[in-house]
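The values are calculated or read from the model by the stated rules, or taken from the named source; none is laboratory data. None of these values were measured; they are calculated from a predicted model. When we count neighbours, we look across all protein chains shown, and the Cβ atoms used for this are built from the backbone with ideal geometry, even at glycine. What goes into the accessible areas is simple: the full protein's heavy atoms, side chains included, and nothing from ligands, DNA or RNA. Shrake-Rupley method; radii C 1.70, N 1.55, O 1.52, S 1.80 Å.
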Amino acid sequence: TFVLIAGLLQSLLPSWELQLPATPRGEAHLVSSGTRQILLIPMGSSGLGAWTTGGTPLPGFPVSNGVGVILRPAAFPGSTGEILIAYADNDGFVHLIDLQGNESFGWPVENSCNVITSITSVDMNQDGLFEISYGTSDGRIHLLDARGTELPGWPVDLQSQLQFQPTTVSLGGGQG
């Protein structure tokens, strides 16, 4: 059964190899954008790369080349239905860009401490609009809106360093 399923998947999924300009420095992230999928790979000092499922680099990528990206980015649903990408660079800036690598208005956002977690896209206040969450080396969790503004009551100080990326979950369809 496994061979049949593997053979079926292999015939449905494109197969390609990619020579990266640097060793990946974090988890790859697959983002759905309409009918296409985009593969995002943090590549250390070579920035954040983005490729189509056919292995073609997206125009405008890599971003933050020379500054570096080592943590997992997040897909962020924009206000008009477009997919944006949130990521942190090695200089402590959090970015929100479109799929051409263009920075959104109000971004990047500078942090006084290094971002030490991956980025998470959440609807923390359950208003139907997503926020961007991440942890910094001073033990704080940040929550930014789509304009790059910290939400009231944030950042939250955990009094110790966060070891994993912030997340929210809803089990059974209730509020998370």
message: Check which residues have an amide H placed less than 5 Å from Leu84's amide H, if you skip close sequence neighbours.
response: Phe76, Gly78
- prompt: What is the gain in length, in nm to one decimal, between Phe93 and Asp138 on full extension, counting 0.36 nm per residue of separation less the C-alpha to C-alpha distance?
  reply: 14.7 nm
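Could you sort Met43, Met124 by their accessible area in this structure, using a 1.4 Å probe and putting the largest first? Before the final figure, lay out each step's value.
On the way: Met43 5, Met124 80 Å².
Output order, biggest surface exposure first: Met124, Met43.
Tell me whether segment 22-137 comes out rounded, prolate or oblate; compute the Cα gyration tensor, take square roots of the eigenvalues as a ≥ b ≥ c, and use a/c under 1.5 as the rounded threshold. Provide the component values of the computation, followed by the final result.
Numbers: a/c = 1.64, a/b = 1.03, b/c = 1.60.
Because a/c hits 1.5 or more and a/b fails to exceed b/c, segment 22-137 counts as oblate.
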Within the accessible area of segment 43-149 (1.4 Å probe), percent carbon and sulfur: 52
statement: chymotrypsin sites (Phe, Trp or Tyr not before Pro) in segment 108-164 lying in a DSSP loop, each with at most 10 other Cβ atoms within 10 Å of its Cβ, come to Phe164
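Could you grab the Rg to Rh ratio for segment 67-107? Cα atoms only, Kirkwood for Rh. Could the numbers behind the result be given before it?
Working: Rg = 10.2 Å, Rh = 10.6 Å.
We get a ratio of 0.96 for segment 67-107.
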field: Global geometry of segment 94-151, whether rounded, prolate or oblate, following the gyration tensor of its Cα atoms and the 1.5 cut on a/c
entry: oblate
task: Distance from a point 7 Å along Cα→Cβ of Ile83 to each backbone N in segment 91-135: keep the residues under 20 Å and list them by number.
output: 95-105, 118-123, 129-133
task: Kindly write out, for segment 27-35 in residue order, the coupling ³J(HN,Hα) from the Karplus curve 6.51 cos²θ - 1.76 cosθ + 1.60 (θ = phi - 60°), rounded to whole Hz, with x marking Gly and Pro.
output: 5, 6, 9, 9, 10, 8, 9, x, 9
message: Starting from 0.36 nm per residue, how many nanometres of slack lie between Leu151 and Thr23 once their C-alpha separation is accounted for?
response: 42.5 nm
